[in-house]
Each structure stands twice: as structure tokens, then as C-alpha cells.
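Report on the structure given below.
Every number in this text was worked out from the coordinates using simple rules, so none of it is lab data. From a predicted model like this one, the values you see are computed outputs, not experimental measurements. Don't worry about glycine lacking a Cβ; one is built from the backbone with ideal geometry, like all the others, and counts go over all protein chains shown.
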Protein chains: 2
Amino acid sequence: MTAHSATLAIDEAVRARWAAGQRVLHLGFGEAGLPVPESVVEVLTAAADRNGYGPVAGSPEAREAAAGWFGRRGLPTEPGRVLFAPGSKPLLFALLATLPGDVFLPRPAWVSYAAQSALAGKRVIGVPVPPEAGGVPDPERLQAVLRTRRGPGVLVLTVPDNPTGTVARPEHLRAVCELAERHGLALVADEIYAELIHDGSRAPSAATHLPERTVITTGLSKSLALGGWRIGFARLPEGPWGDAVLAELRGVASEVWSSLAAPMQAVAAHVLADPPELLAHVDAARRLHAKVAAAVHAELLAAGATCRRPEAGFYLYPDFEPHRAALAAKGIDGGAALATELLERHGVGVLPGEAFGDEPGALRCRMATSLLYGETTAERRQALRAEDPLTLPWVAAALADLRTALAALTSPTPGTAPRAAGAAGCLDVLSAPTAGALGRTR
Amino acid sequence: MTAHSATLAIDEAVRARWAAGQRVLHLGFGEAGLPVPESVVEVLTAAADRNGYGPVAGSPEAREAAAGWFGRRGLPTEPGRVLFAPGSKPLLFALLATLPGDVFLPRPAWVSYAAQSALAGKRVIGVPVPPEAGGVPDPERLQAVLRTRRGPGVLVLTVPDNPTGTVARPEHLRAVCELAERHGLALVADEIYAELIHDGSRAPSAATHLPERTVITTGLSKSLALGGWRIGFARLPEGPWGDAVLAELRGVASEVWSSLAAPMQAVAAHVLADPPELLAHVDAARRLHAKVAAAVHAELLAAGATCRRPEAGFYLYPDFEPHRAALAAKGIDGGAALATELLERHGVGVLPGEAFGDEPGALRCRMATSLLYGETTAERRQALRAEDPLTLPWVAAALADLRTALAALTSPTPGTAPRAAGAAGCLDVLSAPTAGALGRTR
């Protein structure tokens, strides 16, 4: 049984509460929460007469643009090594399903890798990440695991990382790539947050360390906030291994999804040419993500949680371990109970760490900050343009709600009425699917 | 190894020849070959600001419209039983991967069912179709197969059918549904050609015979010629079995593709409301398909092939068995050699029967007639409006080319120079992937 993706489930659960008039702070979903740039709307409109299937891998124009895009980012790429898909999710599924052997994941890792592996009948081996940053396994722990086994395998790396919002240290990435090379693993490098490192830098790609055995997946869902347009693409390496994986991937693509929608391919060709106004748009988005994530980080530290400093994207992965005693007194003994308490008593939607493969007993959860920018397109535009988005009334109010909720959550007194408690009164009408989504284990 | 979908491969092979300046009659690909209706372009344009992921199963508006669409076609449906996806292909894959047991297919059947089943590690059992029409197994032969086994299984029915272009006889459909019920099989009813029955009638759905165990898949690729927009949807039955399959399907959807692109959901909501101008558009498309398919059928019979009379969609499935001796003299001993000969010596792209699971030694192939309507949008519009499309110069020329090619193919004299032989002179520069695509066995 493939359970509903935890990230999509929490989004639906929160939206159902909103529709029912409840006040919920939505920190559960990694949707970039920003409007579609004007030129992108124009390109989609202009492509509305394109209804042919076209090549499985994508139009020549889209593949050419993607190749140039990688090239300008330090990875020379032939258009023939690019394959588009309706999102990077189908590409990741196809890779995990067809690359042979066990799947090694950083722990915690994005929710769908493990579910996709299970769907493909693969064994998943989670290896904890270092304290410094997530997205790659701790090299020493990975080495210990690899020493005990033989045969092929796939290692997924998420740089920058979801759920921790951090960027793997270069020395860890290098060490892990060396281990992968020595043990004959294939690397799947999920780099969908690569444009959103807060200081504007670029992280080295695994493909620079292990060029002939690394497949990169990425897309326009995060940098351009086009999640609902489902535009993903992969870069396959040169060489015989890359040839074989590309052929396999094209085969799966042709049988499972045919191609990315033709009008969306026109969008990809436009965006990936890096027109200056879109680069400026992504710059503005990055600054906004950085400021709001930093503010939420400050609230978490003020509330006594520990949390890695956010470095990329719009995620935080706090640990409420310092409050274990106070939480235990309220019956909260792990991530799932923590997330349920936050949603049902404090009106804050988050995902429990165990949705990301973390230990069920850990008091960790993922908070996504990207839906705090406003509810309307006008508010989101204003957030994107603001010198200091934290002073916008709706952003300030959201941060104040979070502060109140965190104070109530971590208060030693059970039963303290939280400010956002209006939500709690409606608990008895909450639908079963919500509890299922939050209570799911992976 | 998942080979490249034969249908998509032949399309890419023919387009590569066109790009190289060769003259090829493209009968290889089931693309509906018609322009996007004006109101559909407008709806996509108006939805270009929708970039959120939205619910996995589709927007409330799209699901409501789909439910009404099924209801007006004799299948009352709750919006909650509808699930959208980027094409019906991912839905079929998810169903074949997760419904338990062996996969029973009509033989021949559309190329991707078997490939998807193989990707999911499923055993495929092909059961020949009756002589009257394809898309459902011959009931007696199915009964014989089912008598020898136990355990769960899935039966795929394609009504109307691809590749034969026919509509299963009601008595065969009923008998097969009864067998499925008696043996506990699940039914997957691929009804993507249901709007395109040439006489304007509707075939009964398997869901009317076995309502609680039938999942219908369909989409807008064929009726509205929106193949390149990737809009598919499924109808799940009421009842506990339907509940479980729906939950499973939503799970797979959420982990493998997230959702149909949001602007495409707006298109679905518009189209599935059955606005009169779109019903008229589909009517016109149906008449065009019927006339051109009938004309190609007449050419095939005139050339001495046998072929079921086309009843729906834009496919024919001729059998050149009457010419076996003449073909054998040219070294043609099965479907693959037949397709290669047609493409490489006579400039006609078709797919061999074995791509559809048929016997490799059979001299059968599938011809799709939908790319004969013209090369430009203007030509295709004209074909759609024409009282007698067969008199349009480009359609008449295509039919004349086909006549010449069939005459040369079936001529008892090896080496007769076909009229479209210009293509044959370029054989030595043909790319390897083409040969692979045509030579593949499934």
C-alpha cells in the first residue's frame, strides 16, 4: 500500500481547515508561494496551440536551453543528455525503480524517495546526516554500512537539502562521492534547490566529483515557484553508463508518462535561457526565502528548540529535545505526536520527522516557511519586492502566531490556552484523512 | 530494460526522416492530428497564473466536471471518485503496478500495457481477440485460460480498441465481464476512444456490467487531439474495493507525479462540461476520422489484404497473410520485416503487430490514419471542415501514395521500384535508433 505523500497530505489537510474557516499557520508544504513572472505567462500563452506529443525527452529547444543552463553553472552538457518530465518526481521514481540494488538515503530525507523505492520493490537503507548539514549521509556512517555489503546500489543526495534547509559541507560531499565510487554506487543528485542558496553561492554538484556515475534531477518548481506546472528535467552523464541509464530512462518515460506537456516545454526553453528579468526574479525570491527562514529560525531558538541555521530554500528542521520533559508531560513522545499537537492544539501545520525517515521517537519536525508570504498574489508580489518583508503586516502576524504557538507548546503547564486556540475548538469535526496523514509512519 | 515505447519511437523515427528531407507517409502514430479549439486556447491562457500544486486528485472544478461528463454518458459518478493525472498512461501504470496478480491483455493490445506490467514486475497473459473486433479477449479462450489458474488478476479492456480500430461486440464484452466477476479479476477499462465511434453511438462500458470492480481510464488526447497536453483521468467505482483502489492510486499519484499541471486542470474543467462548440468539434473530428479510415480500409482491401472494418478512432490492423508467398519471396516473414520494408523501401511508417503483442510471424501491422489530415494547422482546419476530406489535394495525394506503396509491397516481382523510392536511396544514412525501434520485440 502506497500511502499518500505526507507533504501533499498535510497541504490538503490544512487547506480543508482553511476552507472550514479555521485559522492555521501552514508550515507543512514546500510550495514556493510566489506568483508566476509576467514573461512566463506570456510564453505559456504563446504556446497554447502546441498539442503534439513531440519527442519523449523534450523538444530540441527545451533540451538545448537546459544544456546551456547546466553549462553556465559549471557542468558542460550536450542537449542529448537532457530529459524532461512532468516534474522531477517521475524522473526520481524512474531512476530509483531501474537503477539496480538497494537505495541509500540520507536520514532524514525528502518524503518521496523512500515511498518510490518501496513502490519499486527496493530496499531502503537510511544513513544519518552529519550535525553540520543534511542532504548527504555522514561519511563515516556510510562507510560503516558499505563495508558490510556487496553489489550495486543507488545513493540519493539532496544538495541543498529538504527537509533541513541546509547545504552539505563540501568535504562531506566529496567524501561521500569517493565512497560511492569505491563501492560502485550510482549517484542520484536531487538539486532542485540549487538556485536558492541564501548567500547566492552555488554548491558543488556531485557530478563534479563522480561525473560518469551521477544523474542530476531538478526542475522549475522551487526556483520559479512553478510547482503546479510540473516541469522537471534530468541530466545524464556522458559515457557508457550514462548511455545505458539514459536509454532506460527514455524507455520508462515513454511507457509511463510520454512527455512533458508541450506548452510547458516552451516555458522551460524560455526560463532555462536565463533571461535577466527571471534571474532577478529568482534573486528576489532567494532573498525573501532567506529573510523569512532566518526569522523563523530565530523564533525556534528563542523558544528553546535546537535547529540548524537555514542556508537554502525555505525549510527548517527543529528539534524540541530540550523540551522533552515538558512535552512528555503532555503525552508528546515523538515527531508524530508533536506534529498532531501543533496542528490540532496550536493551529500550526508541520510534518513530523518520521515522515522523512527520522526516528519516530525524535521530537523533530519540518517547517516550510514559503507559504507565509501572503495569501493573495498581490501580497506575494509585495513580499517579493519588500526591502524588509518581516515588516509586512501578514508576515509579522504569522511570525507572532508562531511565537505564541511555540510558547504554548513548550510551556511546562499542560492545558495553557494558546492564542490560536480557535482552531482547537473544532477538533471533533476534523476529518479522518487528516489524522491518517499525520499519523502515518514510513 | 524498458525499451522505448514503439509508438513514440516510430513517431520520432518518421520525424527524423522528414527533417532529413525524406518523403514518408506517417501511419505509425496515434496522434489525433487536429488543431486546438479556440475556446480551449483561451482557457489555458486564462489559467496561466495558476502555479500551486493543488490536490493530488485534481481541482474540485475539474473533478466536478469529469463526474458530470461520466454522468451524461450513463455512468453516474461522484466527483470524489475521479482522479486526474498527466495523461492516462501514468494512471494505467499505477493500476497495473498496484492491482494484485497477473495482467490479462487482449492480443493484440496497445503497446504500453505489457511494457508497464513488465516494469512493475507483473506477468502478462495475452489472450487473442475474436475475429469480429479487438479490445476484449475472445471469451472462450479467456475461459480456457482462467480455468487453469487461481488467485487475483487484472484484465485490461480497450473499448473502442487500439490497435484494431474496432468496437468489441456487446455480447463479448458482457461475457468477458461475467468471467472476470466469476474469477475475481479486476477490470481496467481503457475508454480513451469512447467519443470517437464512427457512427456517433456509444459502446457500453465494462463499468455497466461489473460496476464495483471496474476502473475506467480516459483522457483528452484523442477526442480533443490534446495528446501533447497530457490530460488523463480515471473513474473509480463506489464500494469498498473502489475505496481501496482509489486510496492506493492517490498514494502512487502523490509519490510519482503529484498532480496534473494546474493550467491543464482548468482546461479539463472546461472541456468536460461539454460546451456545445466542443461537442460539435468532436463530431467533426469523428466524421473526419471515419471517412479517412474507411478510405484507407478500401485501399487495403483493394491491395488484397484482409482487415477488420474500422469502427472507431483512426486505426486499422491489416493482415497481409493472403500475400505471404509474394512477401516471403522478398524475405518478409513477419510483422517486423513487413514494417521495415514498408518504411525503408516504400516510405510508409507503420508499427508491426508484434509491438502489440501479436505473433511475430503474423504479417500484421497497425496503421494510424490521423496524421494524413495535413501538415499545417490551416490544412488540418480545412480537413475538419471539409464535406468530403478525401478530395483535399493533400489527403488525396497521401491515399495515392499509399496505393502505390501497397501495390509495390504486394507485387509478386521483387525489386519493383516503388513511387516513393526516393526514401530508399537514403537507407545507408538511417540512424541506428530507428532500426532499433522497428526491430524491437516485446
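Annotation: the antiparallel percentage among DSSP beta bridges lying fully within chain A is about 45. Using 1/(1 + (r/R0)^6) with R0 = 45 angstrom and r between the beta carbons of B:Asp199 and B:Ser411, what's the FRET efficiency to the nearest 0.05? Between B:Asp199 and B:Ser411 the formula returns 0.80.
On a per residue basis, the convex hull of the C-alpha atoms belonging to segment A:231-336 measures out at 200 Å³. Only Cα pairs under 8 Å and 6+ residues apart enter the sum, and on that basis the relative contact order of chain A stands at 22 percent. As a calculated quantity, the FRET efficiency between A:Ala280 and B:Leu279 at R0 = 56 Å, using C-beta atoms, amounts to about 0.75.
Order these peptides, A:369-376, A:227-234, A:304-311, by their mean beta-carbon neighbour count within 10 angstrom, highest first. Could you put the intermediate results ahead of the total?
Numbers: A:369-376: 22.2, A:227-234: 27.1, A:304-311: 19.0.
Listed from highest to lowest mean packing, they are A:227-234, A:369-376, A:304-311.
With Cα atoms defining each centre, segment B:42-115 and segment A:245-265 are spaced 18 Å apart in the structure.
Inter-chain neighbour count for A:116-127: the average number of beta-carbon atoms from partner chains within 10 Å of each residue's beta-carbon is 2. The long axis of helix B:170-182 is offset from the longest Cα principal axis of chain B by roughly 50 degrees. Each residue, B:Glu42 and B:Arg150, gets one label point 7 Å from its Cα in the Cβ direction; the gap between the two is 6.2 nm.
How many partner chain Cβ atoms sit within 10 Å of a residue's Cβ in peptide A:39-51, on average, as a whole number?
Rounded to a whole number, the mean comes out at 5.
Can you give the alpha-carbon Rg of chain A over 2.2 N^0.38 Å, where N counts its residues?
Numbers: Rg = 21.3 Å, N = 442, 2.2 N^0.38 = 22.3 Å.
So the Cα radius of gyration is 0.96 times the expected 2.2 N^0.38 Å.
With 10 Å bins beginning at zero, the pair-distance distribution over Cα atoms of the protein assembly as shown amounts to 2, 13, 22, 24, 19, 12, 6, 2, 0, 0 %. Taken one residue at a time, the phi angles of segment A:405-410 give Karplus couplings (6.51, -1.76, 1.60, θ = phi - 60°) of 5, 5, 5, 5, 4, 8 Hz. Gly and Pro are set to x.
Assuming R0 = 41 Å, what is the FRET efficiency of B:Glu212 and A:Ala325, from their Cβ-Cβ distance, to the nearest 0.05? Please report the intermediate quantities before stating the final value.
On the way: r = 52 Å, r/R0 = 1.28.
The computed FRET efficiency comes out at 0.20.
Bridging of B:Lys222 to aspartates and glutamates at a Cα separation below 14 Å is possible for B:Glu31, B:Asp161, B:Asp190, B:Glu191, B:Glu195, B:Asp283, once same-chain residues fewer than 8 apart are set aside.
By how many nm would the segment from A:Glu181 to A:Leu301 lengthen if fully extended, with 0.36 nm per residue of separation less the alpha-carbon distance? List each step's numbers first, then the result.
Working: separation 120, 0.36 × 120 = 43.20 nm, distance 3.88 nm.
Difference between extended and current length: 39.3 nm.
Taking θ as phi - 60° and the Karplus parameters 6.51, -1.76 and 1.60, the scalar couplings of segment A:240-254 work out to x, 5, x, 4, 5, 5, 4, 4, 5, 5, 5, x, 4, 4, 5 Hz in sequence order, x denoting glycine and proline. Computed about its Cα centre, the charge dipole of the protein assembly as shown is approximately 1080 debye, with only Lys, Arg, Asp and Glu carrying charge at their Cβ. Taking 7 Å steps out from each Cα toward its Cβ at A:Thr391 and A:Arg72 produces label points 3.3 nm apart.
Sorting A:Arg23, B:Arg107, B:Arg182, A:Arg63 by the number of Cβ atoms found within 10 Å of their own Cβ, with the fewest placed first, yields B:Arg182, A:Arg23, B:Arg107, A:Arg63.
List the residues of segment A:358-401 whose backbone N lies under 12 Å from a point placed 7 Å from the Cα of A:Arg309 along the Cα-to-Cβ direction. Label zone hits: none.
Of the peptides B:399-410, A:388-399, the ranking by mean beta-carbon count within 10 Å, highest at the top, reads B:399-410, A:388-399.
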